[in-house]
Amino acid sequence: MVTVTKNHSTKTLSELAQGKNNKYEMLYYPIHGVVTGLRAMFVMSGADYTFTHPEDWTVQKPTTPFGTMPVLYETTETGETLELAELSVLEYYIGQKYDWVGDNLWENNLVKMYVSSSQAVIDKLVTTVIRAPKENFDQMLEIYKTKILPEWVEYHERALKNNGSNGHYVGDKTPAIMAVYDTLEKDPKYAAWKASEQWKVYDQGNKALAGI
Ligand SMILES: N[C@@H](CCC(=O)N[C@@H](CS)C(=O)NCC(=O)O)C(=O)O
């Protein structure tokens, strides 16, 4: 288990977080789950990262900020370890570090707005479908597929159209689903990862979870 550095001021932690040779460990189940995008960001970034998995989640859970994954552990050259949780925050954090967010205050908050909305649709999947009592699973999945998800798609399509249908939500730099997808598929780092054993394990885990 990772030992997180305590008792540093936030100013010091902020300086440490900017270390160029920091190493990342991202803790999550050995499936794609909700971290498909975040893992892709690490793969594309060229950062020094490892994807780790809980050995015994019941033991590890209370040691994390909110008892949920993903959790990011970032270790500096001098051995301090910083801890950050919540998917959308981690996406934005890595996005900031590798220049995948906006160019100004307003753009950055628009980016957060779209990320937050996408995060909410993922949270609803986890809370209303995956955690549904077995006897309600099919009904909740149906509601998710026919109401919750289509509504998200409709609003996000509108946002993409309003930005000129250029594949981006904000301006012409910040990522959007198809732009990311196309870029990802062509990126050699991503292609190598997608062909790796690790990716296959995550894929099988996903399919097992979905009962495919
Ligand atoms: N609000 C959290 C929710 C994450 C979440 O629901 N994670 C699930 C896996 S997809 C989890 O950690 N489940 C284990 C548990 O709740 O004990 C986030 O945005 O990161």
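Quick notes on this structure:
- The stretch 23-36, residues that are buried (at least 18 other Cβ atoms within 10 Å of the Cβ) and under 13 Å from the mean Cα position of the chain (by Cα): Met26, Leu27, Tyr28, Ile31, His32, Gly33, Val34, Val35
- Scanning the stretch 72-118 for residues that are farther than 23 Å from Asp172 by Cβ and of a type in the set (Gly, Ala, Ser) yields Gly79, Ala85.
- Of everything in the stretch 89-132 that is within 16 Å of the ligand (Cβ to nearest atom) and outside any helix (DSSP H, G or I), the residue that is modelled with the highest pLDDT is Ala132.
- Condition met for Thr76 (more than 10 Å from the ligand (Cβ to nearest atom), assigned by TED's automatic domain parsing to the domain that holds Lys189 and more than 19 Å from the chain's Cα centre (by Cα)): yes
- Yes/no for Thr10 being loosely packed, with under 11 Cβ neighbours inside 10 Å and either out of contact with any Gly (no Cβ under 7 Å at 6 or more places or on another chain) or at pLDDT 95 or above (or both): yes
- You will find that of Thr58, Thr64, the residue that is surrounded by fewer than 16 Cβ atoms within 10 Å (Cβ to Cβ), within 14 Å of the ligand (Cβ to nearest atom), modelled with pLDDT of 95 or more and more than 21 Å from Lys200 (Cα to Cα) is Thr58 and no other.
- Tally, over the stretch 29-48, of residues that are over 14 Å from Trp199 (Cα atoms) and assigned to a loop (DSSP other than H, G, I, E, B): 2
The values are calculated or read from the model by the stated rules, or taken from the named source; none is laboratory data. Small disclaimer: the values here were computed from a predicted structure and weren't measured. FYI the Cβ positions are ideal-geometry reconstructions off the backbone, even for glycines, and counts take in every protein chain you see.
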